[in-house]
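Rule-based calculations on the coordinates, nothing more; no lab input. Quantities reported herein were computed from a predicted structural model and do not represent experimental measurements. Neighbour counts are summed over all protein chains in view; Cβ atoms, including those assigned to glycine, are modelled from backbone coordinates with ideal geometry.
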Amino acid sequence: MERQRELGLLDKRSEIVIIQEDLCDELWLEVNRKSRMTMQTTNRGKKELQGCVEYLKLKVGGVKTYAHAFVVQLAPYWLLLGRAWQKGMKLEKIE
């Protein structure tokens, strides 16, 4: 199943790609539950990640890419694209 549009955030402070578990369920994405880790949040707390969607296909601005997206149970966003993904895409913010 291919989803046409989903809102996501670019976050230059995040080092990983994060996807909310509800979106994984909705899109029937396969989650590797053995690939777990803990992430430090912006308020210096810790959040347990539920696994990893390996090689998640992303299409941004007509460009198709793949990323390992770590699954979080609850977040104020569906998808967060971290700095490593942005650097790999040679994405540049112009202000």
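For the reader, a short list of remarks on this structure follows.
- Pairs of Cα atoms nearer than 8 Å and 6+ residues apart set the relative contact order; for region 9-82 it is 45 percent.
- Within the listed set GLY82, GLY51, GLY62, the Gaussian network model of the chain (springs between alpha-carbon atoms below 10 Å) gives the highest mean-square fluctuation for GLY62.
- Each of MET37, MET89 has some number of other Cβ atoms within 10 Å of its Cβ, and from fewest to most they run MET37, MET89.
- Once divided by 2.2 N^0.38 Å, the Cα radius of gyration of the chain becomes 1.05.
- Ranking of THR41, THR65 by neighbouring Cβ atoms within 10 Å, starting from the fewest: THR41, THR65.
- Loop-located chymotrypsin sites (Phe, Trp or Tyr not before Pro) in region 1-94 (DSSP state not H, G, I, E or B) with no more than 11 neighbouring Cβ atoms inside 10 Å: TRP28.
- Of GLN73, GLN50, GLN20, the residue with the greatest mean-square motion in the GNM of the chain, using alpha carbon springs below 10 Å, is GLN73.
- Annotation for region 34-95: trypsin sites (Lys or Arg not before Pro) lying in DSSP loop with at most 12 further Cβ atoms inside 10 Å of their Cβ are LYS34, ARG44, LYS90, LYS93.
- Ranked for footprinting exposure by Cβ neighbours inside 10 Å, fewest first, ASP22, ASP11 give ASP22, ASP11.
- Basic side chains Lys and Arg get +1 at the Cβ, acidic Asp and Glu get -1 at the Cβ, and with that the dipole of the chain about its Cα centre reaches some 400 debye.
- The chain: antiparallel DSSP beta bridges as a percent of all, rounded to 5: 70 percent
- Across region 57-70, rounded Karplus estimates of 3J(HN,Hα) from the backbone phi angles (6.51 cos²θ - 1.76 cosθ + 1.60, θ = phi - 60°) give 7, 10, 10, 10, x, x, 9, 8, 9, 10, 8, 7, 10, 7 Hz, Gly and Pro being marked x.
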